[in-house]
Amino acid sequence: MRSNYLRETPGSAGVPPAESRGWYSRGYLPHFDAPGVVQSITFRLADALPLSVIEGWKIELQITRHTPASDPRMRDLRRMIDRYEDAGHGSCVLRDPRAADLVETALLHFDTERYRLIAWCVMPNHVHTMIEPFEGFPLPRLLHSWKSYTSKEINKSLGSEGQLWFEEYHDRFIRDERHFHASVAYIENNPVKAGLCREAGDWVFSSAKRRKGEDGGRDARAPR
């Protein structure tokens, strides 16, 4: 797994690369958008976590719309969200291999064309991925592409309808080498932490599985 990602990041330069949106918000979560900046991204199913639960946590932690992303309370909120997601709430349609395969295929499809796909894991009700976006492909566009395609195909495959994905997503830029490896380990070990398997490489729809080489010798980075 490559880690030659050390480029101009907001953590080291203080300003975003040219032609990026930098920090912005769509009213719920702060995002950082810049080409060449490695990002750890999590997006979840629409019914995985009710907004009322998050609002209750924000009141408990005294988080307001003006609380900066760097505030320790925001990290506490993220941990609470992670634990709730890992508990397997909601429909968990991604537990169905047909749905999980569609998501993984979508992530792999534009690898090396729109972004560099570094790590991923399709959980029952949410998805973790780490990518390096290329110039001209901002995060909102990439997320829209993944969600739009998989929503239509999963509903078609499972005979379901309605909103599949929660509109918002969580992204965090990778600060340095240590953060990079810690984030990859977190992504690939999420199924183990959630009690879904014993080893990271046992989880079928993940980069850990691909790297373990249990896919019949197929190139671990090649779209299917």
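Coordinate-derived values only; no laboratory data. The structure presented is a predicted model; accordingly, all values stated were derived computationally and were not measured. Cβ: placed from backbone, ideal geometry, glycine included. Neighbour counts: every protein chain shown.
Computed on the range 20-174, the Cα convex hull volume stands at 106 Å³ per residue. The stretch between residue 178 and residue 51, if pulled fully straight at 0.36 nm per residue, gains 42.5 nm over its current Cα-Cα span. Shown is the FRET efficiency for residue 112 and residue 197, computed with R0 = 30 Å from the Cβ-Cβ distance and rounded to the nearest 0.05: 0.60. Working ranking of peptides 192-200, 148-156 by packing, defined as the average number of other Cβ atoms within 10 Å per residue, highest first, is 148-156, 192-200. For residue 186, the shell of other residues with beta-carbons less than 12 Å away shows a net charge of +1, using +1 for Lys and Arg and -1 for Asp and Glu.
Excluding residue 67 itself, what net charge comes from residues whose Cβ is under 15 Å from its Cβ, given Lys and Arg +1 and Asp and Glu -1?
Net local charge, residue 67 excluded: +1.
When restricted to Cα atoms, the range 104-198 yields an Rg and a Dmax of 14.3, 44 Å, respectively.
What separates the Cα centres of the range 64-85 and the range 119-139 is a distance of 20 Å. A simple packing score, the average count of other Cβ atoms within 10 Å per residue, orders the peptides 55-62, 183-190, 162-169 as 183-190, 162-169, 55-62, with the highest score first.
Taking label points 7 Å from Cα along the Cα-to-Cβ direction, residue 62 and residue 145 give a separation of 4.4 nm.
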